[in-house]
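The block underneath contains the structure these notes are about, expressed in structure tokens.
The values are calculated or read from the model by the stated rules, or taken from the named source; none is laboratory data. Keep in mind that what you see is a predicted model, and the values were worked out from it rather than measured. For the accessible areas, the whole protein counts, side chains as well, though only heavy atoms, and no ligand, DNA or RNA atoms are used. Shrake-Rupley method; radii C 1.70, N 1.55, O 1.52, S 1.80 Å.
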Amino acid sequence: MCATCGCSADSTVIRLTADGPEQRAADGHEHLAADGSRTVVLQRRVLEKNDAIAVRNATWLADRGVVMLNLMSSPGAGKTTLLERTGRDLAGGQVIAVIEGDQETALDARRVSAVGCRVVQINTGAGCHLDAAMVARGLTALDPPAGSLVLVENVGNLVCPALFDLGESARVVLASVTEGQDKPLKYPHMFRRADLVLVTKVDLLPYLDIDLARFAADVASVSPAARIVELSTVTGAGLTDWYDWIADRAAAAGRA
Amino acid sequence: MHELAITQGVVETITERLPGARVRAVRLEIGALSGVVTDSVRFCFDLVTEGTNLAGASLDIDEPPGRCRCRGCGLEFSSADALPLCPCGSADAEVLSGQELRIISVRVA
């Protein structure tokens with residue numbers, strides 16, 4: 001029986017030619033209507049194409065023992081500054097490559113390149129997020145060596161990037177203290193699938209009225225497994241925790 | 001505005017799956033907790049379908065509600081809110097369903 005419409009597999013059902021391994025039982029069969037039109041049951045996930053490329057990216061990375069982190073936040077939360085600091089601090093250790101996503105300009109790529117990271121800039125134009133196909137092209141261009149780290153700086157946006165898997169090893173969401181404590185509840189899709197939440201710019205806390213305990217409780221309610229690290233690229237606070245977390249990810253990728 | 005990319009994906013999938021077919025109607029399923037705004041998809045649909053086999057097609061969207069389980073009291077409840085709130089007051093809820101984002105069927109002439 002068709003799971004979509006409940007019809008039975010009798011003579012009213014016409015099977016179309018199978019078009020690949022993703023074909024589902026209900027996919028492609030038709031219902032004829034009295035007016036001569038026919039309804040073709042598709043039952044396909046809208047993001048199927050993106051997700052298939054994301055799986056390919058993940059396999060490609062796993063085969064090389066490369067860890068890829070997808071950094072997401074609103075504009076101005078400090079993604080690029082954290083990448084610069086990370087590139088400087090880890091220089092001479094782990095090889096870091098960066099995929100920069102912005103609507104326009106190569107400004108961020110220049111900043112990150114200046115600290116010695118290999119970097120590709122992807123300009124999405126009108127697009128508000130990176131997708132798996134863009135990242136696949138970026139990975140081909142970067143050709144990261146085995147055991148290296150790829151940091152993806154997604155387009156600054158707390159909404160759209162949440163939906164598009166890139167094949168990343170983990171999702172890192174940044175929230176700066178100047179954005180206030182209510183971001184996890186206002187943007188639950190973004191925080192729901194975060195593996196790590198970085199609270200940035202904590203050197204500004206003396207000047208702000210923000211309840212970080214409330215913030216942590218709200219993160220826990222939308223993403224119970226997410227770890228939270230508070231950091232500042234100005235004072236260096238919390239950076240060791242961030243680097244240790246990366247090292248744990250790299251060790252896990254090396255073992256796999 | 002990821003709905004533009006989402007809608008483009010829908011049109012691409014359909015034109016690839018049914019090349020040359022004159023599409024009269026499209027039925028989508030967009031769950032209440034999918035993170036996709038159905039009004040925006042409707043807005044984008046006419047723009048994206050222009051000049052394709054889907055031009056002029058009608059768009060029906062099924063919007064299944066979210067089903068959640070409270071991590072506090074264990075109650076299962078429905079919610080159309082992106083931030084589901086259990087009747088007990090807790091926002092600590094596991095999403096069971098409502099994140100669907102699928103092309104269900106198309107009607108062709």
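Once the 1.4 Å probe is applied to the protein heavy atoms, the protein assembly as shown comes out at 44 Å² accessible per residue.
For B:R22, the amide hydrogen comes within under 5 Å of the amide hydrogens of B:A109, counting only partners 5 or more places away or on other chains and with H modelled in the peptide plane. Whose amide H sits under 5 Å from the amide H of B:A80, counting only residues 5 or more places off or on another chain, with H placed in the peptide plane? HN-HN under 5 Å from B:A80: B:G66. Normalising the Debye intensity of chain A to I(0), with uniform scatterers on Cα atoms only, and taking log10 at q = 0.09, 0.14 Å⁻¹ returns -0.48, -0.93.
Taking the alpha-carbon centroid of each part, what is the distance from the stretch A:27-79 to the stretch B:4-30 in angstrom? If we compute the Cα centre of each part, the gap is 14 Å.
Accessible surface ranking for A:E153, B:E100, B:E94, 1.4 angstrom probe, highest first: B:E94, B:E100, A:E153. Applying 0.36 nm per residue to the separation of A:R56 and A:A114 and subtracting their alpha-carbon distance, the gain on full extension is 17.8 nm. Summarising the strand pairing of chain A, around 10 percent of its internal DSSP beta bridges are antiparallel. For chain A, the relative contact order is 19 percent, taking Cα pairs closer than 8 Å that sit 6 or more residues apart in sequence and dividing their mean separation by the residue count. Ranked by solvent-accessible area (1.4 Å probe, protein heavy atoms only, all chains present), the residues B:R107, B:R17, A:R118 order from largest to smallest as A:R118, B:R107, B:R17.
With contacts taken as Cα pairs under 8 Å at a separation of at least 6 residues, chain B carries a relative contact order of 36 percent.
Tell me, what % of the accessible area of chain A is carbon and sulfur with a 1.4 angstrom probe? Whole-percent figure for carbon plus sulfur exposure: 53.
Pull up all non-local amide H partners of A:Q43: gap of 5 or more, or a different chain, and H-to-H distance under 5 Å with H placed in the peptide plane. Under 5 Å from the amide H of A:Q43 lie the amide H atoms of B:I104, B:S105, each far enough along the sequence or on another chain. Couplings for the stretch A:193-201, taken from phi via the Karplus curve 6.51 cos²θ - 1.76 cosθ + 1.60 with θ = phi - 60°, read 10, 6, 8, 9, 10, 9, 8, 9, 6 Hz in order; Gly and Pro are left as x.
On association of chains A and B, roughly 2800 Å² of accessible area becomes buried (total for both chains; probe 1.4 Å). Spatially, the stretch A:225-256 and the stretch B:33-57 are offset by 41 Å when compared through their Cα centroids. Derived value for the stretch A:95-200: Kirkwood hydrodynamic radius 14.6 Å. Basis is the mean of 1/r over every pair of different alpha-carbon atoms.
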